[in-house]
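Undergrad: Quick one: structure below, then a few questions.
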Amino acid sequence: MKEIAITINDSPVQGREGMTILEVAKENGMDIPTLCHSPELTPVGACRICVVEVEGSRTLVGSCHTPITQGMVIYTHSPKVLETRKAIVELLLASHPDNCLVCDKANQCELRKIAADLEVGLIRFRSRKRYYPIEDVSPYIVRDLSKCILCRRCVRACNEIKKAGVYAMAYRGFDSKVVVDLDEPLDKDVCRDCDMCISHCPTGALSKPRKIGEEKKGKHLVIIG
Ligand code: SF4
Ligand code: SF4
Ligand code: FES
C-alpha cells in the first residue's frame, strides 16, 4: 500500500493510503479523544470530539473520518482544538442528567473521562435536559435515554456486527432519538445472549437489568436475600 508522509504535532510520521488521521495518530502513540468512533464500526462523524487542526483548512476536521493526504500538517491539541472540544463536552453535559455520581457506568463512562481530561468545570451553556422514562421491559437490556449522547454506536453495532437492525434514528434536532420500531420500548428476543449495543455504549444509557434480589445502595450494588 502507498506510503503517505504527514506531520502530526511537529513530528514527521508515515501512514498508508486510506488511513484516517485518527488511525495514524493512534499508531504513533498520539491520543485523540473520541466518542462516536469505534474501530469496528463505520465512522459517522456524529460527535465532533475528535476534531484536529489541519494547516490550510478553514475549519477543524473530524480525525476519525478524514483520510490523510500527502504532506498534511496536523495539530491534535492546539488551543483552538482544545477550546472546541471543551465546548462540545459542555454542550453534551448541558443536556445530560446531573446524576453521574450514582450512575452504574461510573468511571467507565467515556463522556465523564473526557470531561475530566479536558478539565471541564462549570458549564457555560444553559442546561436543557432530555428526560425519557427508563425502558426496562426487555429482560436483556435497560435503556435510560436521558443519558444518551446520540453517538449511534448502538445503532451501528446492532446493524453491522449483530446484523439485527433493531435500532434506528428518528426525529430531528434536539428531539433526535434512537428508536425501536415506531418508537416503542425495546423488547426483542434477538437480544437474548447479545450485549453488542451495551458494550459499545460510551455512557450509562444502555445496561443489563439487575438480577432479582439485587438492590442499589449509594454507588454500590448490594446483594440482598
Ligand atoms: S442486544 Fe444485540 S440484538 Fe439487541 S439491540 Fe443490542 S445489539 Fe441489537
Ligand atoms: S444509547 Fe448509547 S450507544 Fe446508543 S446512541 Fe445513545 S449513547 Fe450512543
Ligand atoms: S469520534 Fe470523530 S466525530 Fe465522533
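Undergrad: Which order do the peptides 175-187, 64-76 take when ranked by the mean count of other beta-carbon atoms within 10 Å per residue, highest first?
TA: Listed from highest to lowest mean packing, they are 64-76, 175-187.
Undergrad: Computed over the Cα atoms of the chain, what is the convex hull's projected area averaged over all directions, in nm²?
TA: Projected over every direction and averaged, the Cα hull of the chain covers 14.5 nm².
Undergrad: For the range 1-51, which whole percent of the accessible surface, found with a 1.4 angstrom probe, sits on carbon and sulfur atoms?
TA: 48 percent
Undergrad: How do the peptides 124-130, 157-163, 167-173 rank, highest first, by the average count of neighbouring beta carbon atoms within 10 Å per residue?
TA: The densest-packed peptide leads the list: 157-163, 167-173, 124-130.
Undergrad: Please give the net charge around residue 192, taking every other residue with its beta carbon less than 14 angstrom from that of residue 192, where Lys and Arg add +1 and Asp and Glu add -1.
TA: The answer is -1.
Undergrad: Now for a different question. With point charges of +1 on the Cβ of Lys and Arg and -1 on the Cβ of Asp and Glu, referenced to the Cα centre of the range 41-148, which listed residue (70, 132, 103) lies farthest in the positive direction of the dipole?
TA: 132
Undergrad: Mind checking which lysines have their Cα closer than 24 Å to the Cα of residue 211? Skip sequence neighbours fewer than 8 apart in that chain.
TA: Counting by Cα, and skipping residues close in sequence, residue 211 has these lysines nearby: 105, 147, 188, 219.
Undergrad: If you don't mind, another one. May I ask you to give the percent of accessible area on the range 154-215 that is carbon plus sulfur, with a probe radius of 1.4 Å? Present the calculation step by step, with values, prior to reporting the outcome.
TA: Details: 1740 of 3540 Å².
Using a 1.4 Å probe with all protein chains present, the range 154-215 comes out at 49 percent carbon and sulfur.
Undergrad: Would you calculate a helix-derived [θ] at 222 nm for the chain, using -39,500 (n - 2.57) for each DSSP H run of n ≥ 4 and dividing by the full residue count, to the nearest 500?
TA: Here the helix-only value at 222 nm equals -5000 deg cm²/dmol.
Undergrad: Please list, in order, the residues from the range 57-82 whose amide nitrogen is less than 15 Å from a point placed 7 Å along the Cα→Cβ vector of residue 26.
TA: Taking a point 7 Å out along Cα→Cβ of residue 26, the residues of the range 57-82 whose backbone N falls under 15 Å are 63-68.
Undergrad: Given a 1.4 Å probe, how much area per residue of the range 65-135 is accessible, in Å²?
TA: 63 Å²
Undergrad: Work out, step by step, the length gained on full extension between residue 70 and residue 119: first 0.36 nm times the residue separation, then minus their alpha carbon distance; give nm to one decimal.
TA: The span from residue 70 to residue 119 would gain 14.2 nm if fully extended.
Undergrad: Want the number for residue 210 to residue 78: 0.36 nm per residue separation, take away the alpha-carbon distance, what's left?
TA: On the way: separation 132, 0.36 × 132 = 47.52 nm, distance 4.34 nm.
Once the chain is fully extended between residue 210 and residue 78, it gains 43.2 nm.
Undergrad: Tell me, what % of the accessible area of the range 100-143 is carbon and sulfur with a 1.4 angstrom probe?
TA: 56 percent
The values are calculated or read from the model by the stated rules, or taken from the named source; none is laboratory data. Because the structure is a prediction, the values reported are computed rather than measured. Quick reminder, even Gly has a Cβ in these numbers, built from the backbone with ideal geometry, and neighbours come from all protein chains shown. SASA here: full protein model, heavy atoms, side chains in, ligands and nucleic acids out. Shrake-Rupley method; radii C 1.70, N 1.55, O 1.52, S 1.80 Å.
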